[in-house]
Every structure is written in structure tokens, then in C-alpha cells.
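First the structure, in the form of C-alpha cells, and then the observations on it.
The values are calculated or read from the model by the stated rules, or taken from the named source; none is laboratory data. These numbers come from a predicted model, not from an experiment. Here the Cβ is made from the backbone with ideal geometry for all residues, glycine too, and neighbour counts use every protein chain on show. Only protein heavy atoms, including side chains, enter the accessible area calculation; ligands, DNA and RNA are left aside. Shrake-Rupley method; radii C 1.70, N 1.55, O 1.52, S 1.80 Å.
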Amino acid sequence: MIENVDMALVNWSRAQFALTAMYHWLFVPLTLGITFIIAFMETIYVKTGDPEWKRITKFWMTIFGINFAIGVATGIILEFEFGTNWSNYSWFVGDIFGAPLAIEGIMAFFLESTFIAIMFFGWNKVSKKFHLLSTWLVAFGSNLSALWILVANGWMQSPVGMHFNPDAARNEMLNFWEVFLSPIAINKFLHTITSGYVLAAIFVIGISAWYLIKGREQLLAKRSIVISSVFGLLSCLFLVYTGDGSAYQVAQKQPMKLAAMEGLYQGSKGAGIVVLGMPTPGKQYNDSKDEFVFKFEIPKLLSFLGYGDTEAFVPGVNDLINGGFEYTDKDGNTQLAISAEQKIEQGKISIAALREYKNAKQNNDPVKMEESLLTFKESFRYFGYGFLNDPGSIIPNVPLTFYSFHIMVGLGFYFILFFSLALFFVFVDKLESKKWFLRLSVLTIPLAYIASMSGWIVAEVGRQPWTIQDLLPTVAAVSQIDASAVQITFWLFMVIFTALLIAEIKIMTKQINIGPKEGGH
Amino acid sequence: MTIQKNIFKQVFLFYYEGFRSMTLGKRLWIIILIKLFIIFVILKLFFFPNLLKSNFATDKERGEYVLEQLTTPKKINND
């Protein structure tokens, strides 16, 4: 029997997940970063005893409270979607997701939620030092929450530390540390939380700049800008470092994503990195159109960043489809890459072997079981390819990945300049007179959100068609439900999340307009 | 026993007075409660059942179903 896979269902399910994740991510990065900024401010208050620092801390704490209140629990919806729209996937990932998320629930959530109460209610009720400790624990707790989900995401990008149990049809964790310390997960965690720090720093500078434009709260604004500029600049430099680490991991584990990020169809030795360019619209992997309408590139840099060698071969989309190039495997051996067509064949062999194993088990045929299990294990690394029919389906959306990557990187370098300028104007005491910079600071707030979203588009669109790299494509991960049901909840979410976003912006702008005040939050 | 009672009372008062003294926080709590109601009561109950949990009683049945899904040849329908 052959089942039909409804692509409308797959696409609506993907769109719904993307919508939910992106709205959720509107709230998360500010929380990740502003908690540390608040902790630094309160530390100065406790050290100096200056009541103005307490006032500043309480003001930003209120802003954090608004963001936290509106954003909290929006991520839970993603877990609902796993159970309803992506049930095959949920089962297939097995306890790999279960363990990190359970740790998140027990450890980080309770750490975060308990100490948030002390942070908001504990002024004048607990000692200054205990209050400060609570603030720091909220900062670490919120970042710990991000750790576990990003470890799980890292595993999806590069599945390690597990084996597939053919009887239970799910993956089982063999080595927690291999999952937890996977280089792709570590880089992803560090890069993602640091992007949150940068966003929060820009947010604080932007709001402070608005006060300076209006001639209000000058001391609060200037002190907030100093703290945030230093924090933002250091975070931004670290972001470049972790970005380099992430790109290196992508080159090793997800070469198709790297090719899409660079719009690279024809691989070469000593490949350059595109600084600015426009991929040819409508370009397909098997046509003869040029890759770019125009491009400016830095020669050899992509080879160097991806493989640590200026003359290394970087495979393009066509190479990854056609195979035939040499690469070094994880054991350091030189291998000849096979084509996507061959991977699909291997994947189909793997699925057929799993089917035979299942039938042999039902028929109580141990010889056939052992034989089919051996074939299955040998071909399992290409298991996911067996669900695909066309080699071209392993290519993600190249223009979207390319533009998102270049917007993210371009803005990242702009942010370094931005923080440096902010610090410079603070130290030469010219901040208030530089109205253009103050206006630019306000305008930079949305750019921080655009850069952050672009990063996720690169990470998630760039790894299509996989939900789990090479093992489970979206077409096999989706539940067999009615596409119209997914459409209804898509629009429902659109309404709910838009209402929450409007509420956030409205309450926050009102509070910013009111400014700091005495008393509770 | 008395010490324990005192600790519980202190924790209760800490939260009680904290919530009472909130100004902006009250509105935020209303938003949080409405949101949690929508998420856990409306969305979860009516729109997002856990398919494998609601359709199958045991993990064995769930595994068998997913195995069947993964090993049945599929044809992609773009209509």
C-alpha cells in the first residue's frame, strides 16, 4: 500500500510552527539579556549604596517584568504542536528531547520562577545581598532554560549520542554527555544567548536615547547606556567568535546549509565569502544560469572559515547533489562523497530493511530479523533520504537562507560599530549633543530583532527538508491530520500572538513614557 | 512545628503583600491568567490533543503505529 503525503498539510504545519516559534522568540532574547543588565546595575547599587542605581534597577526590572509576563508560556504551544502536528517526529526523537526538557522544567524553571518573586517582591523585605543573589539567579535561570531547548535543537541539527531502537521505533540516548556537549549544541547555545544579550543592550540604549532626546531622566539614561554599551560590545565580539564556531560546525555537519548561506552552487577550492550579492532569481541546481546577478567577495575566506585551510574545497549545491568530491569524515579519513540519488537509494534500503525486520518479528523469523537488522544498521545514516523521491528536495530555500544570513552578519558588524560609537560618545561626554546618534539608537531597536530572527531563519530554513538531519524529513515527521485543522489554528495563533504583541508594545511604551517611579512594580 | 508554621506564614505573607502592593503587575497578572486559560483550556483541550497519547493506550501500540507510518511507502501529493 502506498500512502499519499499531503504537502499542503506539511507546509501549513511548518508555517504554524514557524509562526509560533518566531512570536515566542520576540520575547525570549530580551529576557535573556536584560536580566544580566539588571543584575549588573543592582550589583553597582549594592556596592555603592547610591539610591539612583536602585531606581535605575527597578525601572528596567519593570520593563523586564512586562516582557516576561507577556512572553511566558508562549513556548508551551510549540510542545502542543509536537504532539498534534508532529507526532511521528515526537515519537522518533524519543527520550533525547525528554531528558533535556525535563531538566529544564525541574531546574531552570523553578530557579527562575522562585527567585523572580524575590526580585519583584523582596525589596526591603530580604537583605540587599540576598536580593542581589536572587536577581543574578533569575539571570542564570532564564539562560539555563534556553540551554536545554538549544541542546535539543542542536541534536536535531547533528544527531549524536543515541541509537535507534527498531522495536520501539524511537531513538534512545546512549550518552547524555555526547548530546549535551555536542559542539553544534554548545556553539548554538552560546551564539543564541549572546544574540539575546546584544538585543537587550540595544533595547536599553534605544530607550535611554529616547529619554535623552526628550530631555528626561538624563542620569538614568546615561548610566544605562554605559552599562549596556560595555555589555553589548563585549557580547557582540563574543557573538562573532561563536558565529565563526557555528559556521565551522555547519561546514562539517550541514554542508548544504553552508552552500545555501553563501548561494554557492558550484563548489571550488579556495572559495571566497560573499560580502554583498544578489543571487540570480529562479536559479535551480540543474540549470546553467549564473549563481549571482552581482557579488563582491573576499577570496578564500569561506574555505578558511569552514575548513581552516584557504585552499580547502567547499562543496556547492550541485556538488552535494552529484557527489564525487573528496571530504574528510569524522575519523579523519578521506572519503568520496556519494550523490543525493545514491543517498535516497540507501535510505529506501534502510526503510525496506526496517519493514522486513518488523514483518520478520511478526512472523517470528529470527534469521530474517537478524539479516534485516544488519542491513538497516548499515544504511541507517541515510534513513531519512528514503522518504524523498527527488534529489532536488534536499536543497533548502537558497535565496531566503542567503539573504537572512547576510542580513544577520551585516547587522552584527553594524552593532559592533554602534556600541563602539555609544561608548566613545559617553567617554568624550558628547552623547546628549549627538542627536543623530540618539535617533539612530531608537531606530536600531527593530534592527536587533530583525538580526535575531534572521539567525533563526538561517538555522531552521537552512536545514530543510530535515526535522532531524539526514534521519527524518518533514514529510515523514508530520501527523496524518487534516490540513484545514492546521490552517484554523494557524490563524487562531496569528490573532492571539498579534494581540499579545500589541499588548506588550502598548504596556511597555506607556511604562517607558511614565518612566521610573517610586514604590512597587 | 511552630517554627515550620511561622515559615509558611512568612512565605504566604511575602507573596500576599507582594501581590497587594503591585500596581502595573496586577494588569500583567490578568494578562498572564487570560493567556494561560486560552493556552491550557481552549487550545490544549479543543485544538491540540496529543495524538499518540489519545489514540493509543500503551507505548507498544504507539511504537507500532509510528513504525507502520515510517515503513509504509509514501507518495508526495502536491495538489
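Could you work out the helix-only [θ] at 222 nm for chain B, with each DSSP H run of four or more residues adding -39,500 (n - 2.57) and the total divided by the number of residues, to the nearest 500 deg cm²/dmol?
-20000 deg cm²/dmol
Given a 1.4 angstrom probe, what's the average accessible area per residue across the range A:1-107, in square angstrom?
Numbers: 3270 Å² over 107 residues.
Ligands and nucleic acids excluded, the figure is 31 Å² per residue.
Taking both sides together, what accessible area is buried at the A/B interface, probe 1.4 Å, expressed in Å² and rounded to the nearest 100? All intermediate terms of the calculation are to be shown ahead of the outcome.
Working: alone 23920 and 8110 Å², together 27290 Å².
Interface between A and B: roughly 4700 Å².
I want the local charge near A:Glu371. Using Cβ-Cβ distances under 14 Å, sum +1 for each Lys or Arg and -1 for each Asp or Glu among the other residues. Don't skip to the answer; put the middle values down first.
Values: positive: A:Arg355, A:Lys358, A:Lys361, A:Lys368, A:Lys377; negative: A:Glu356, A:Asp365, A:Glu370, A:Glu378.
Here the count lands on +1.
Quick one: if the Förster radius is 45 Å, what FRET efficiency do A:Arg381 and A:Val230 give, using the C-beta to C-beta distance and rounding to 0.05? Show your work: numbers first, answer last.
Details: r = 46 Å, r/R0 = 1.03.
The pair A:Arg381/A:Val230 has a calculated efficiency of 0.45.
Ranked from highest to lowest mean number of other Cβ atoms within 10 Å per residue, what is the order of the peptides A:414-422, A:438-446, A:206-214? Don't jump to the answer; show the numbers that get you there.
Numbers: A:414-422: 19.4, A:438-446: 17.2, A:206-214: 21.3.
Ranking, from highest mean packing down: A:206-214, A:414-422, A:438-446.
Quick one: accessible surface of A:Ile512, probe radius 1.4 Å, all protein chains present, in square angstrom to the nearest 10.
Here the residue's solvent-accessible area equals roughly 20 Å².
Of A:Lys510/B:Lys44; A:Lys188/A:Lys506; A:Lys129/A:Lys214; A:Lys257/A:Lys358; A:Lys188/A:Lys330, which pairs sit farther than 26 Å apart, going by alpha carbon to alpha carbon? Kindly include the intermediate steps, with their values, before the conclusion.
Numbers: A:Lys510/B:Lys44 32 Å; A:Lys188/A:Lys506 32 Å; A:Lys129/A:Lys214 35 Å; A:Lys257/A:Lys358 34 Å; A:Lys188/A:Lys330 20 Å.
A:Lys510/B:Lys44; A:Lys188/A:Lys506; A:Lys129/A:Lys214; A:Lys257/A:Lys358, as the Cα separations exceed 26 Å there.
FRET efficiency for A:Phe294 and A:Phe325, Cβ-Cβ distance as r, R0 = 35 Å, nearest 0.05?
Values: r = 27 Å, r/R0 = 0.77.
My answer for the efficiency is 0.85.
Please list A:Trp436, A:Trp60 from largest to smallest accessible area, probe radius 1.4 Å, with all protein chains kept in place.
Numbers: A:Trp436 135, A:Trp60 0 Å².
Ranked list, largest accessible area first: A:Trp436, A:Trp60.
Please report the net charge: other residues with Cβ closer than 13 Å to the Cβ of A:Tyr248, K and R +1, D and E -1. Mind showing how you got there, number by number?
Working: positive: A:Lys188, A:Lys253, A:Lys257; negative: A:Asp244, A:Asp309.
Counting the neighbours of A:Tyr248, the net charge comes to +1.
Could you check the simple spin-label distance between A:Lys510 and A:Leu421, using points 7 Å along Cα→Cβ, in nm with one decimal?
Placing both labels 7 Å along Cα→Cβ, they lie 3.4 nm apart.
Could you pull the Cα extents of the range A:257-404 along its three principal axes, largest to smallest, in whole Å?
Result, largest extent first: 63, 35, 25 Å.
By its C-alpha gyration tensor, with a ≥ b ≥ c as the square roots of the eigenvalues, how is the protein assembly as shown shaped: rounded for a/c under 1.5, else prolate for a/b larger than b/c, else oblate? Write down the numbers at each step before the final one.
On the way: a/c = 2.16, a/b = 1.41, b/c = 1.53.
It comes out oblate by the Cα gyration axes.
Just reorder A:Asp287, B:Asp59 by solvent-accessible area, largest first, 1.4 Å probe, all chains present. Show your work: numbers first, answer last.
On the way: A:Asp287 50, B:Asp59 90 Å².
Largest accessible area first, the list is B:Asp59, A:Asp287.
Other chains' Cβ within 10 Å of B:58-70 residues: what's the mean? The partial results should precede the final answer.
On the way: counts 0, 3, 2, 0, 6, 8, 5, 4, 9, 11, 4, 11, 15.
Mean shielding count: 6.
Where a Cα-Cα gap under 19 Å defines reach, which aspartates and glutamates qualify for B:Lys9, not counting those fewer than 8 residues away within the same chain?
Answer for B:Lys9, where 19 Å is the Cα cut-off: B:Glu17, listed by chain and number.
Rounded if a/c is under 1.5, else prolate if a/b beats b/c, else oblate: with a ≥ b ≥ c from the C-alpha gyration tensor eigenvalues square-rooted, which is the range A:340-391?
It is prolate, given that a/c is not under 1.5 and a/b is the larger ratio.
Put A:Phe238, A:Phe17, A:Phe437 in order of accessible area, largest first, 1.4 Å probe: what do you get?
Details: A:Phe238 80, A:Phe17 55, A:Phe437 0 Å².
Solvent-accessible surface, decreasing: A:Phe238, A:Phe17, A:Phe437.
Quickly work out the A:Thr48-to-A:Leu181 label distance, labels modelled 7 Å from Cα along the C-beta direction, and quote it in nm with one decimal.
It is 4.2 nm.
Rg to Rh ratio, the range B:11-69, alpha-carbon atoms and Kirkwood radius? All intermediate terms of the calculation are to be shown ahead of the outcome.
On the way: Rg = 20.2 Å, Rh = 15.0 Å.
Ratio of gyration radius to Kirkwood radius for the range B:11-69: 1.35.
Which whole number gives the average count of other chain Cβ atoms within 10 Å of the Cβ atoms across peptide A:483-489?
Values: counts 0, 0, 2, 1, 0, 1, 4.
Average neighbour count from other chains, rounded to a whole number: 1.
Could you do me a favour and compute the accessible area per residue for the range A:340-391, 1.4 Å probe, result in Å²? List each step's numbers first, then the result.
Values: 2890 Å² over 52 residues.
Accessible area per residue, the range A:340-391: 56 Å².
Does the range A:259-336 classify as rounded, prolate or oblate by the C-alpha gyration tensor (a ≥ b ≥ c root eigenvalues; a/c under 1.5 gives rounded; else a/b over b/c gives prolate, otherwise oblate)? Kindly include the intermediate steps, with their values, before the conclusion.
On the way: a/c = 2.95, a/b = 1.39, b/c = 2.12.
Oblate is the answer for the range A:259-336, as a/c is 1.5 or above yet b/c matches or exceeds a/b.
Taking the highest mean first, how do the peptides A:179-187, A:160-168 order by number of other beta carbon atoms within 10 angstrom per residue? Each step should come with its number before you reach the end.
Values: A:179-187: 20.4, A:160-168: 16.8.
The packing order, highest mean first, is A:179-187, A:160-168.
Please average, across the residues of A:146-158, the number of beta carbons from any other chain that are within 10 Å of each residue's own beta carbon, and give a whole number.
Details: counts 0, 0, 0, 0, 0, 0, 0, 0, 0, 0, 0, 0, 0.
Counting Cβ atoms of other protein chains within 10 Å of each residue's Cβ and averaging gives 0.
How many nm separate the modelled label positions at A:Thr114 and A:Phe238, each set 7 Å beyond the Cα in the direction of the Cβ?
Rounded to a tenth, the inter-label distance reads 2.5 nm.
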